[in-house]
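Since the structure comes first, as C-alpha cells, the remarks are kept for the end.
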Amino acid sequence: MARTFTVSRTVLIQVPPEQAYEAISRPAQMGRWSPENLGATVPEPDESAPVGTTFEGRNKRGVFRWVTRCTVTAADPGRRFAFRVHAIGLGRPRLRGPIATWEYRFERDGAGTRVTETWTDDRRSWPDLVAHAFDRVATGGRTFADFQVGNIDRTLRKLKRELEAAPRP
C-alpha cells in the first residue's frame, strides 16, 4: 500500500482571515483546539510567531506524552502560517530529523474565512514497511495520514466553535 504523505481539511469560519490567523499563529494556544497538543513553550506566547521562531510543543495521545521541537517556516498574516517539526522525544526533543510540517492557509470567503489545515509527513527517508509498522503501533492500527484526518477535523471544529463564539472586535 502506497503511503499518503499529505492530508488537508478545510472549514469555513465566520471571522475575518486576520482573526483566524491571529489565533493559529500563536503556538502556545494550539492546545485549546488540538486533540493531541497541550500547548507550546514559545519565546513570546502572547504574540504571533514570526518566521524562524523555534518552540517546543507538548503532546499527548492516551497515556503517551512527548515533546517536539518546531520552527516556524511561514508567517504571512491573514494568509498562511506553517511550522516544521524537526525533533521529538520523551521529556526533551532529542531525536532529530524531519518529522512533519503543519500548514494553515486562510482565504477570505464573503464575511468569513476558509481555513485549510494541512499535515505533511516529512519522514520520507523511512522505508514504507517501517513507517507502516510504526504508524499502526502509534495510532492504534491506522496510518498516520488516516489518523491525522481525524485530528485535523477535530481541531478545525473546535477552532470554528471558539472563534465564532468570541465577541467581535
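Please treat every number below as a calculation from the coordinates, not as lab data. Remember, predicted model here, so these are calculated numbers, not experimental data. As a convention, Cβ positions derive from the backbone with ideal geometry for all residues, glycine included, and neighbour counts pool all protein chains shown.
Restricting the first member to segment 56-71 and to residues that are within 16 Å of Asp122 (Cβ to Cβ) and without any contact (Cβ under 8 Å) to a residue 40 or more places away in the chain, and the second to residues that are part of a strand (DSSP E or B) and of a type in the set (Asp, Glu), the beta-carbon pairs closer than 8 Å and six or more apart or on different chains are Thr68/Glu56; Arg69/Glu56. For segment 29-52, taking the residues that are in contact with a Pro (Cβ under 9 Å, 6 or more places away or on another chain) and crowded, with 20+ Cβ neighbours inside 10 Å, the one that is nearest to Ala138 (Cα to Cα) is identified as Asn37. Pairs meeting the criteria (first residue in segment 147-169 and in contact (Cβ under 8 Å) with a residue 60 or more places away in the chain, second residue in a helix (DSSP H, G or I) and among the polar types (S, T, N, Q), beta carbons under 7 Å, at least 6 apart or on different chains) are Leu163/Gln19. Exactly one residue among Glu56, Glu44 is over 15 Å from the mean Cα position of the chain (by Cα), more than 19 Å from Thr6 (Cα to Cα) and of a type outside the set (Gly, Ala, Ser), and that residue is Glu44.
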